[in-house]
Amino acid sequence: MLSLIASTALLLSAASAATLPSVCGKTCARVPPAVSMQSSGCYKPAPKGFEYGHWYRTYQSLPGSEYMHNIELFASPGATTDVHKTDFITFQVPGCDHIYSIYGYETYTDYTDVKTFHGTGTLEQVSGPLEIVAYGWDTACDPYIVYWEPGPTGDFGLTTMSSSPTGPTLKTFTDLVADIKALGHDDLTAQADKLDWIPYDGARKVVPYPQASKQVLENKNMPDASGKCPTDGESIFAQRVLKYVKDL
């Protein structure tokens, strides 16, 4: 999910001026269908293709940010239909330079801006809904998305994705938290108060290649129970990443 950055920018620039939010810094949040089917008057469906491209996972409300950092997501249209997407996530763990990955695909549901993630290979039994709570462009005009999604234990929480490793901007982030809390749902308010920064230190410049190896597609490039940090030479995926970095 890197060569798509340019095409994503074109998609965003082509979005209708009537699509909310149409002005950088304007925010709007809705109650996700999993919480309530009540409508949120200001919310409009995200423009088609808005979620494609290169994203940084920057905040989350559920525990776990201390175990993963430098999280990047690359979303692209899948090969089956235009309502399928391929997800490729790369991340690191503290004290280890190795770049791990998670691969899967998403399908849209009958609900507006709600999709389901499906893992592949070793994660074939893993699936869960992703519901957009808010999206738009922050005060720096960088795109962002706020998701309502399940955590490892099944609890739901909030996650922010931004096209910038430091986004959304503080002003936009503050406004989003206020908008979510103003929806008046205790569970949303509680998770909004818990949103915590996910470390991104740029230790490794990741240029991923989703089809790099069978290892990636089958989700075998993940931390194991031993806690051992593999060397670059032990990972076909890491070797491919290094090649692309060196070619820059």
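The numbers here are math on the coordinates, done by the rules we state, and not lab data. Given the structure is predicted, the values throughout are model-derived calculations rather than measurements. Cβ coordinates were reconstructed from backbone atoms using ideal geometry, including for glycine residues, and neighbour counts include every protein chain displayed.
Summing Lys and Arg as +1 and Asp and Glu as -1 over all other residues whose Cβ lies under 10 Å from the Cβ of G25 gives a net charge of 0. Working from label points 7 Å from Cα in the Cα-to-Cβ sense, the K194 to Q38 distance is 2.1 nm.
Listed cross-link partners K44/K115; K48/K115; K26/K115; K115/K220; K26/K171 are compared with a 19 Å cut-off, the Cα-Cα value being larger for K26/K115; K115/K220.
Sequence-ordered 3J(HN,Hα) estimates for the stretch 140-149 from the Karplus curve with 6.51, -1.76 and 1.60 and θ = phi - 60° stand at 9, 6, 8, x, 8, 9, 10, 10, 9, 8 Hz, glycine and proline given as x.
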